[in-house]
Amino acid sequence: MARTTNENGGGGANVTPMMAQYHALKAEAQDCLLFYRMGDFFELFFDDAKIASACLDIALTSRGDGVPMCGVPAHSAEGYLARLIKAGHRVAIADQTETPAEAKKRGGSKALVGRAIVRVVTAGTLTEEALLDARAANWLVALAEAGGQIGLAAADISTGRFELAAIPAGSLDAELARLGAAETIAADGFAFAPADAISQDPRAFDSTAGEARLKALFGVATLDSFGGFGRAELAAAAGLLAYLDRAGQGKLPFLQPPARRHPADHMLIDAATRDSLELTQAQGGGRKGSLLDAVDRTVTGAGARMLAADIGAPLAERLVIEARLDLVTRFVDDGGLRESIRTNLKAAPDIGRAIGRLVAGRGSPRDLGLLRDGLDEAHGLHERLLRLGDRPALLDQLLPQMRGHGALIDLLTRALVPQPPIDTAQGGYIAEGYDPALDDLRGQGGEGRRAIAALEARYREATGITSLKIRHNGVLGYHIEVQAKHADPLMRPESGFTHRQTLAGVVRFNAPDLHEQALRVGQAGAHALAAEAAHLEELVAAALACKTAIAATADALARLDVAAGLAERAIEGHWCRPAFAEEPCFEVEGGRHPVVEAAVTATGERFVANDCQLLPDRRLWLVTGPNMGGKSTFLRQNALIAVLAQAGGYVPAASARLGLVDRLFSRVGASDNLARGRSTFMVEMVETAAILAQATERSLVILDEVGRGTSTYDGLAIAWAVVEAVHDINRCRCLFATHYHELTRLAERLDALSLHHVRAREWKGDLVLLHELADGPADRSYGIAVAKLAGLPPAVLGRAQSVLAKLESGRAATGGIAAGLDDLPLFAAAAAAPPPPVDPLREALDAILPDALSPRDALDALYRLKTLAEG
Ligand code: ADP
């Protein structure tokens, strides 16, 4: 591999033409790392080299003039790119736009090879199969503000999905959390930009330009048919398209017509709730241990991506949910149908991503092969499903999306070999019989190769060297090879052979008739390659002409996969179809937590199913009981049931009757979050504040040990006030788990609050956790019994027991830490109490920072304070 080229890269203090070219390209690349193509390598220089060498763990060297550099082989650049992108970098690729030979022809022997940035690779603009997760979407999100609204544009260019939405500031967090973007961009100065957003020139976010761009892109005179977008959405779209333009250097990737999203179409779930419920990602990162992982029985990448999107954005409209459920029910009821559909889908390639690569100009014959097979599979499924009687409405909607590709399938079937390659350099992907001229060229090549094989025998006979061989390599082409000891006779001028090369043990020759045949093979081969390339171009064009319809087919297949997969999961786990009610109720019988259940049953234990019954006049459940008793599990399983039901799936329960949830909140008391390394109590309070501000009567809130991140008195006080506020002000459905036994006193005053506990029993001095929910408060906390269960030494346990006895006798005497709480005014009255009066003297004192004062300032301050005190 040639690491150096004959370009004049060195040159001390003088800036060589090559370095001038490098600097110009680097200026264009801005804050991206620049991959600068030199021969078979991409080189990085200066700080880029330092960053890349550290990130990729490759040697940092330096050029003659001391400039730091490192490089990666071009043929394996993808792997290195993947690591840089994963580490949060963006990379501009400057490739050679001509060969060294072309450069010489153009500008003489010293000419510099032309280079240009051909692409900018960023986390949100990937289409390479190797760099993408087949089972996850890859969103690029652009945010803008116009006319007092926030616009959000999101594109997954690996499949062409494209969404626009106008978002109230309060829902932005939830929307961003839903998308989990690989990359977010925002206009410089945009007030609500998330911390990791990449700032862009605000001029790129121009709504008028955005509108014009969209119209041109989709060839329409008005955008009304897509949903009539507002200024903010158009501005975000403008920013997104400008960014994609730059990434593709003018070549726009695949975008389907934009779909308009209304945040109100979905259950809103903010980032903290997603994390806490582990919807699509477990807290340790990764999919394992998440709800998605426990539910996913899809058999295709596209199905898995759609299920992740569904679970990440449960629906808020009953009709749409029921339509999805009807399809699932059909697959539940008809096992044979489900099985056969899943078998067919398993065999279907990922046509969504194949068309994405083709549109991005990075498609290969293999992608066309995938389209052919995938579309053919879709066609077969269509025929099969069409014969089905009594079809669910959603299926009737999907069926038309699955057909209509007959001509394209036919073309690709005729044109391509059964397993087309990714690499086009060797040709051989166009099928025989598709183009007689190509077949003819291949025939000539074949004849030539046969003639060459015949020559070998002839030469052996003529020279008497039985070990003589005709070989081929990239440098010499066809040549004759003999062992060195046989070479002498062939060296003679009259032998008819021309010497080409002497190596350690062998000598290589050419001969006129071999040359002639080789020329024939070479020419036929080159012509055949050119003919194949021309066909490839036509075939790609034919596929691209149908790109939107192909994307729709991909979506339809994914929807079938999701529904059949959910049905499969339901059967496997004896799940039930949820029913929906108008009033905000939440009635679950025999509910289970799919992730914990799997973990518990894996250890041979039995998972205990529990009921939950929230009704408008009994909408707040306070759950007490020992640690490890199953409180968190119970809370979460109900939140997960709400998510699954509104995503259009069956739920892990014997029966479920739910009023639709508009927003879902889940918060866990601080100490459970320690692993996440944040200022935990602060986070807990910020998150609790968000719930109190946002939860409506149709929301579902689960609060797990809120208040435990601080001292007992503070914690109890906060938990107390939060329960009151949720009950009186938000009036949402709420499950509240706590170890503050004192909170149970609230039941006396809050009508819609009821008490429940997870059961435990002490048996022969040991604690038995039953994981079973029962009415009423827990009789005691069992803390020491839990500690024993955890293996605390007997001496420590004994000591704890005597400390507890002392504390409890103290409590009996004073009424405990909740003594006096009965006299508190109700929440509404207390909240309306006037704020304490302002004390100017105290404020002035607070404002003084003694460390920052000189003695003179201190004296002045003292005088001021005295004057204030005198009023
Ligand atoms: P808590 O919140 O009360 O401390 P958790 O909900 O975290 O308790 O549950 C502790 C453990 O108990 C879980 O990890 C699980 O192993 C087990 N568990 C919880 N709920 C159940 C259940 N319903 N059936 C069986 N085991 C359960």
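Within 10 Å of each candidate Cβ there may be at most 13 other Cβ atoms; applying that plus a DSSP loop requirement, which GluC sites (Glu not before Pro) in region 349-451 survive?
Those satisfying the criteria are 432.
Between helix 365-386 and the chain, what is the angle of the helix's C-alpha long axis to the longest principal axis, kept within 0 to 90° and rounded to the nearest 10?
Roughly 60 degrees between the two axes.
Taking 0.36 nm per residue of separation and subtracting the Cα-Cα distance, what length does fully extending residue 422 through residue 790 add?
Extra length available between residue 422 and residue 790 comes to 126.8 nm.
Which value, in Å to one decimal place, does the Kirkwood hydrodynamic radius take for region 678-764 when every pair of different Cα atoms is included?
Details: mean 1/r = 0.0724 Å⁻¹.
Mean inverse Cα-Cα distance, inverted, gives 13.8 Å.
So how many Å³ per residue does the convex hull of the Cα atoms of the chain work out to?
291 Å³
Just subtract the alpha-carbon distance of residue 413 and residue 149 from 0.36 nm times their residue separation and send over the number in nm, one decimal.
The residue 413-residue 149 span can extend by a further 90.1 nm.
Let me know the charge dipole size of region 55-151 about its Cα centre in debye, to the nearest 20, where only the beta-carbon of Lys, Arg (+1) and Asp, Glu (-1) is charged. All intermediate terms of the calculation are to be shown ahead of the outcome.
Working: 11 positive and 10 negative charges, 82 e Å.
About 400 debye.
What 222 nm value per residue comes from the helices of the chain, counting each DSSP H run with n ≥ 4 as -39,500 (n - 2.57) and dividing by all residues, nearest 500 deg cm²/dmol?
-14000 deg cm²/dmol
With angles folded into 0 to 90 degrees, how steeply does helix 318-333 sit against the dominant principal axis of the chain? Use alpha carbons for both and round to 10.
Roughly 70 degrees between the two axes.
How tilted is helix 335-347 with respect to the longest principal axis of the chain? Cα atoms for both, answer in degrees (0 to 90, nearest 10).
50 degrees
For the chain, give the magnitude of the charge dipole about the Cα centre (Cβ charges: +1 Lys/Arg, -1 Asp/Glu; no others), in debye to the nearest 20.
With Lys and Arg at +1 and Asp and Glu at -1, about 2020 debye.
At a Förster radius of 45 Å, what calculated FRET efficiency corresponds to the Cβ-Cβ distance of residue 99 and residue 195, to the nearest 0.05?
Once the sixth-power term is evaluated, E becomes 0.50.
Work out the FRET efficiency for residue 249 and residue 516 from their Cβ-Cβ distance, taking R0 = 35 Å, and round it to the nearest 0.05.
Rounded to the nearest 0.05, the efficiency is 0.20.
If each of residue 713 and residue 523 carries a label point 7 Å out from its Cα toward its Cβ, how far apart are those two points in nm?
Label at residue 713, label at residue 523, 10.1 nm between them.
Can you compute log10 of I(q)/I(0) for region 401-546 with the Debye formula, treating each Cα as one identical point scatterer, at q = 0.17, 0.20 Å⁻¹?
Each listed q corresponds, in turn, to -0.93, -1.12.
Round to the nearest 0.05 the FRET efficiency obtained for residue 745 and residue 208 when R0 = 41 Å and r is the Cβ-Cβ distance.
Details: r = 62 Å, r/R0 = 1.50.
Plugging the Cβ-Cβ distance into 1/(1 + (r/R0)^6) gives 0.10.
I need the peptides 483-493, 588-598, 407-417, 352-362 ranked by packing, meaning the mean over residues of other C-beta atoms within 10 angstrom, with the highest value on top.
Going from most to least packed, we get 352-362, 588-598, 407-417, 483-493.
Mind putting a number on the dipole of region 118-180 about its Cα centre? Charges go on the C-beta only, +1 for Lys and Arg and -1 for Asp and Glu, and I need it in Debye to the nearest 20.
Working: 4 positive and 8 negative charges, 13 e Å.
Here the size comes out at about 60 debye.
Provide the descending list of Cα extents for region 478-561 along its principal axes, expressed in whole angstroms.
73, 27, 13
Using amide H atoms built 1.01 Å from N in the peptide plane, name the residues 5+ places from residue 590, or on other chains, whose amide H lies under 5 Å from its own.
Here the answer is 610, 611, 612, 654, since their amide H atoms fall under 5 Å of that of residue 590.
Along each of the three principal axes of the Cα atoms of region 396-475, give the extent in whole Å, ordering the values from largest to smallest.
Principal axes ranked by extent give 77, 23, 19 Å for the Cα atoms.
Which far-off residues, 5 or more places away or on another chain, put their amide H under 5 Å from the one on residue 704, with H placed in the peptide plane?
For residue 704, whose amide H was placed from the backbone, the distant partners under 5 Å are 667, 668, 669, 737.
Want the number for residue 697 to residue 538: 0.36 nm per residue separation, take away the alpha-carbon distance, what's left?
51.4 nm
Please state, to two decimals, what the Cα-based radius of gyration of region 43-130 comes to when divided by 2.2 N^0.38 Å (N = residues). Could you put the intermediate results ahead of the total?
On the way: Rg = 14.9 Å, N = 88, 2.2 N^0.38 = 12.1 Å.
Dividing the Cα Rg of region 43-130 by 2.2 N^0.38 Å gives 1.24.
So which of 110/251; 105/251; 251/547; 50/110; 215/547 end up more than 22 Å apart, counting from Cα to Cα?
110/251; 105/251; 50/110
Quick check: Cα centre of region 203-250 to Cα centre of region 287-353, how many Å?
32 Å
Tell me which of 241, 172, 475 sits at the most positive position along the dipole axis of the chain, charges placed on C-beta atoms (Lys, Arg +1; Asp, Glu -1).
About the Cα centre, the residue reaching furthest to the positive side is 475.
Quick note: the coordinates plus some simple rules give every number you see, no bench work behind them. In this text, all values refer to a predicted model and were calculated from it rather than measured experimentally. Note that each Cβ is placed from the backbone with ideal geometry, even for glycine, and that neighbours are counted across all protein chains shown.
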